[in-house]
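The values are calculated or read from the model by the stated rules, or taken from the named source; none is laboratory data. Just so it is clear, the model here is predicted, and its values are computed rather than measured. Virtual Cβ from ideal backbone geometry, glycine too; neighbours counted across all protein chains shown.
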Amino acid sequence: MQRMMQSLIVVLGVLAAGATANAQQRTILSPRDSVFLTLDSSVIGIHYGRPSMRGRKIVGQLVPWNQVWRTGANEATHLKTNFDMTFGGVPVPRGTYTLFTLPSQGGWKVILNKQTGQWGTGYNASLDLARFDARAEQLPAPVDTFTIVLRPRGKASGVMTLLWEHTSVAVPFEKSDRIRPISPNDSAGVTLGGKKISIRYSRPFMRGRVIWGVVVPFDSVWRTGANFATSLVAEADLRIGGIAVPRGSYTLYSIPSTSGCTLIVSKKAAGGEPDYDRTFDLARISMKAETPTAAIDPFRIWFEPSAAASATLKLGWGDRSYSAVIATN
């Protein structure tokens, strides 16, 4: 009996040791945390993972220079606001975003991305809402565990501060009721041969983002604006880039490339959904690529009249524009 008890004690001891080892293995090295700030009845919150230094060199090594960082650990860091605001001077509508940063020795960039729910390394630059610069400062004493702080700075404003090792990055924000919509509606029109031609579209802003090849991928169909479909209404039969387009109501798409742009005139009537369906194509028109003398922001479509019955149709954004001659038949 005594021997049986001794054996049981040994077995329990082994099991306990194993359980302790498993518990240690399961220790969360970068626990999740949340921080909130209430401004009147409005709330901004950030949910993130908190890695610790654990003897490692952080900024410039564990967090490399000039590479997008998840701004935490494990799952993506999420920022949620139930109010419209300017964040780092950039308009940000209420909603949930993923927060990334891009550290460099000359300063940091803060990135708000519209994709949410992903693992922290799942970054898609084409879904960026905005990028903006933020200044990094040196801390006199190290912060061992990565920390995000939200502090008020008045009744309707505050500051987000990122702290780790000897680095502090602060981003001011404030409530704003004047930023919607961030891609306002607009129109362009011209009269050719006594007939009106008009284009209705929306005008997204750059907001620090790389546009061509990233926000607007090359060699892919683009709605040629934002939000709703871009429409063309012509009271006269036209030739655009030498291709016939009968009078009527159409939806416009485009396929930008590094060397030019293909303008697609779709038989989908103006005012429809922006989804593209190739079976509705009426014409595909080549547009010439140009480099504007100054950055175009926000996106713009316009006409430059050249004669009573002809003009140049242009669309441009950032450091690139495209053009084609438009004329009545």
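Brief remarks follow.
- Residue, surrounded by the most Cβ atoms within 10 Å (Cβ to Cβ), within the stretch 317-329, restricted to residues that are in contact with an Asp or Glu (Cβ under 9 Å, 6 or more places away or on another chain) and part of a strand (DSSP E or B): Trp317
- Pairs where the first residue, in the stretch 132-143, is within 30 Å of Val210 (Cα to Cα) and the second is hydrophobic (A, V, I, L, M, F, W, C), C-beta under 6 Å, 6+ apart: Phe132/Val90; Phe132/Val110; Ala134/Trp108; Ala134/Val110; Ala134/Val169; Ala134/Val171; Ala136/Trp108; Ala136/Val169
- Matching residues, the stretch 158-194, being at positive phi and charged (D, E, K, R): Glu165
- Only one entry of Val190, Val159, Val90 meets the criterion of being at pLDDT 95 or above and not assigned by TED's automatic domain parsing to the domain that holds Val216, and that entry is Val159.
- When Ala236, Ala226 are checked against the criterion of being in a loop (DSSP other than H, G, I, E, B), under 30 Å from Pro93 (Cβ atoms), in the same structural domain as Ser310 (by TED's automatic domain parsing) and not charged (D, E, K, R), a single residue qualifies: Ala226.
- Residues that are surrounded by fewer than 18 Cβ atoms within 10 Å (Cβ to Cβ) and of a type in the set (Gly, Ala, Ser) within the stretch 42-57 comprise Ser42, Gly45, Ser52, Gly55, listed in sequence order.
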